[in-house]
1. Which longest run of the chain has no exposed loop site in it, a site being GluC sites (Glu not before Pro) in a DSSP loop with at most 13 other beta carbons within 10 Å, and the site itself not part of the run?
2. Roughly to the nearest percent, how much of the accessible area of the chain is carbon and sulfur, given a 1.4 Å probe?
3. I want the local charge near residue 1. Using Cβ-Cβ distances under 13 Å, sum +1 for each Lys or Arg and -1 for each Asp or Glu among the other residues.
4. Once the other residues with Cβ under 13 Å from the Cβ of residue 18 are scored (Lys, Arg +1; Asp, Glu -1), what is the net sum?
5. For every other residue with a beta carbon closer than 12 angstrom to the beta carbon of residue 52, add +1 if it is Lys or Arg and -1 if Asp or Glu, then tell me the sum.
6. What number, in percent, do you get for the relative contact order of the stretch 3-81 if the mean sequence gap of Cα pairs under 8 Å and at least 6 apart is divided by its residue count?
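The values are calculated or read from the model by the stated rules, or taken from the named source; none is laboratory data. Small disclaimer: the values here were computed from a predicted structure and weren't measured. Glycine gets a Cβ as well: all are built from the backbone with ideal geometry, and neighbour counts include every protein chain shown. Protein only, heavy atoms only, side chains kept; ligands, DNA and RNA dropped before computing areas. Shrake-Rupley method; radii C 1.70, N 1.55, O 1.52, S 1.80 Å.
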Amino acid sequence: MKVEIHLFAAARDAAGRSPVEVVISEDASVADLRAALVQSIPELKPLQASLLVAVNNQYAADDLLLKTNDEVACFPPVSGG
């Protein structure tokens, strides 16, 4: 299935665009999506370990299985004060 991913902050800067699309299997997890994203856009490799994924406006664990039409966003950890 094709998944549109909205990238934010340093992830968008590294990719040079947002949103991006990746193709994953029908039974793919968030971890599979992260791997496909980095394979598709190698510039995101330095962020891979810390990249946060939100699915349908909620942070998602790596084992969450994705469904068609899920809204996906990725961004690096945010800090500030």
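1. 27-70
2. 51
3. -4
4. Neighbourhood net charge equals -2.
5. 0
6. Relative contact order for the stretch 3-81 comes out at 39 percent.
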